[in-house]
1. Quick one: compute the contact order of the chain, relative version, from alpha carbon pairs under 8 angstrom and 6+ residues apart, as a percent.
2. Over what distance in Å are the Cα centres of segment 85-120 and segment 164-184 separated?
3. Extension gain residue 157-residue 180, at 0.36 nm per residue separation less the Cα-Cα distance, in nm?
4. For residue 132 and residue 99 in the same chain, what is the full-extension length gain: residue separation times 0.36 nm, less their Cα-Cα distance, in nm?
5. With N set to the residue count of segment 2-181, report its C-alpha Rg divided by 2.2 N^0.38 Å to two decimal places.
6. Per residue of the chain, what 222 nm ellipticity follows from adding -39500 (n - 2.57) for every DSSP H run with n ≥ 4, rounded to the nearest 500?
7. What percent antiparallel are the DSSP beta bridges of segment 2-181, to the nearest 5?
8. Working out 0.36 nm times the residue gap between residue 150 and residue 84, then minus their Cα-Cα distance, what length gain in nm do you get to one decimal?
């Protein structure tokens, strides 16, 4: 079983992407152990902080990413781009130069948004950043989910069996990807 660092690009407690990440953890519990990266206390990137001492929250985040076999980014789309929370996590974990926690990590991106194309624009902006930082990014299948009020049931589980089946296939493909590309 592979260990995944899961980056949820939203701080909101009832975030649809947090619920999506929770469902992915349930659906793929036989494939991965899911370790949520805590971004709640990560400050905005500031090179002055980096020069003195990394904040404890950043040290913990980097350790979670470093210990993982792969990275799963589950993020919303804000104004057709990458949310600040997601980008901030990426920036901090890539620092300082020569100590990039993302380098060589098999990675996948998915997300849920309100638009009819889900998080397609955010993912198209995030992909070149991930590749530049050395993540080994899975290209297919892509997951662009559109939120609707009946997407989750009352217990916050995905209501549609076909969506669960699709996400199971995504996770199986990602498991194969991690097996093929994980660092020794």
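Taken together, the values in this text are just the output of simple stated rules run on the coordinates, not laboratory data. The structure displayed is predicted, hence computed values, not measured ones. Cβ sites come from the backbone with ideal geometry, for glycine too, and all protein chains shown count toward neighbours.
1. Here the relative contact order equals 25 percent.
2. Centre-to-centre (Cα) distance: 17 Å.
3. 5.2 nm
4. The residue 132-residue 99 span can extend by a further 10.4 nm.
5. Dividing the Cα radius of gyration by 2.2 N^0.38 Å gives 0.98.
6. Value at 222 nm, helices only, nearest 500: -12500 deg cm²/dmol.
7. 10
8. 21.0 nm
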